[in-house]
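Chemist: I have a structure I would like to understand better, so I am pasting it below and will then ask my questions one at a time.
Read-outs: derived from the displayed coordinates by stated rules, not from any lab. Predicted model, so just to flag it, every value in this text is computed and none were measured. Here the Cβ is made from the backbone with ideal geometry for all residues, glycine too, and neighbour counts use every protein chain on show.
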Amino acid sequence: MNWTQQIDLYCERTDPGFWAEPLNAASNAAFLLAALYTFVIWRRDGGRDGASLYLICNVAVIGVGSFLFHTLASRWSMLADVLPITALIYAYFGIAMRRFFGLDWPVVVMTLFLFGAASWGGEVILRPLLGGSAGYAPALVAMAGVGTLLAFVSHAAARYLILATAVFALSLASRMADNPVCASLPIGTHYVWHVLNAVTLTILILAAIRCREKGQPC
């Protein structure tokens with residue numbers, strides 16, 4: 001496999017140049033701002049929560065990886081984009097199971113395996129309908145499910161998860177709209193996906209920082 005092979009996936013890219021996707025590239029600054037903002041909140045909270053710090057660092061890495069992909073547009077830079085996102089999805093799911101539901105670690109590991117299997121199956125089923133966005137649909141369903149369960153047990157983190165679900169739904173819609181609107185909107189809508197994802201991750205990390213203890217108002 002040629003790891004330097006050019007990839008053209010988004011409406012904004014019309015040539016192989018480094019700055020062929022200016023909005024898609026620049027909008028990754030939203031992830032760095034999200035990481036900076038949540039880091040400040042983390043420090044104000046005492047700076048002792050290692051799990052939340054990992055999530056914050058992961059968000060910064062997502063911003064860098066996505067910037068590389070939308071400038072270099074190669075196979076290896078696509079991995080730099082996708083792998084940190086995947087890592088954050090599974091890390092947050094595990095943290096939510098442990099922190100919000102109080103599950104023991106063996107049960108957390110089991111739920112992660114089940115989530116992974118369901119995500120793979122869901123992506124395969126939904127790919128004909130959602131295309132390249134199918135891989136993110138399981139994360140949306142999981143977020144909505146966790147938020148609903150937390151609301152059912154009156155957990156204070158529920159409002160964060162439900163709000164994050166709503167923002168991420170809009171974010172996913174903007175990702176899916178990028179190519180269909182290309183003829184009438186040459187800049188596309190993928191940059192909106194970046195900005196709304198940064199907002200989604202900010203909300204999720206705030207939940208992780210502020211809602212560590214069951215029954216704690218946050």
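Chemist: Report, in deg cm²/dmol and to the nearest 500, the calculated mean residue ellipticity at 222 nm for the chain, where each DSSP H run with n ≥ 4 adds -39500 (n - 2.57) and the sum is divided by the residue count.
Modeler: When only DSSP H runs of four or more count, the value is -24000 deg cm²/dmol.
Chemist: Here is a follow-up. Could you state the angle between the C-alpha long axis of helix 137-152 and the longest principal axis of the C-alpha atoms of the chain, as a value from 0 to 90 degrees rounded to the nearest 10?
Modeler: So the inclination is approximately 20 degrees.
Chemist: Only four residue types carry charge here, +1 at the Cβ of Lys and Arg and -1 at the Cβ of Asp and Glu. Report the dipole size of the chain about the Cα centre in Debye, rounded to the nearest 20.
Modeler: Dipole about the Cα centre, nearest 20: 680 debye.
Chemist: For the chain, take the longest principal axis of its alpha carbons; what is the angle in degrees between that and the long axis of helix 105-130, to the nearest 10 within 0 to 90?
Modeler: It is inclined by approximately 30 degrees.
Chemist: Relative contact order of the range 24-210, please, whole-number percent, based on alpha carbon pairs below 8 angstrom and at least 6 residues apart.
Modeler: 25 percent
Chemist: In addition: Compute all pairwise cysteine Cβ distances in the chain, then list the cysteines with no distance under 4.7 Å to another cysteine.
Modeler: For the chain, the answer is C57, because their Cβ atoms have no other cysteine Cβ under 4.7 Å.
Chemist: If you build a Gaussian network model of the chain, linking Cα atoms that sit under 10 Å apart, which residue out of D104, D49, D178 swings the most?
Modeler: Evaluated over the chain, the most mobile residue of the options is D104.
Chemist: Relative to the longest principal axis of the C-alpha atoms of the chain, give the angle of the C-alpha long axis of helix 158-177, reported between 0 and 90° and rounded to the nearest 10°.
Modeler: 10 degrees
Chemist: Related question: For the pair L79 and W120, how long in nm is the line joining their label points, each one 7 Å along Cα→Cβ?
Modeler: Going by the 7 Å Cα→Cβ label model, 1.9 nm.
Chemist: Something else: I need L149, L114 ordered by Cβ neighbour count within 10 Å, fewest first.
Modeler: Least crowded to most crowded, the residues run L114, L149.
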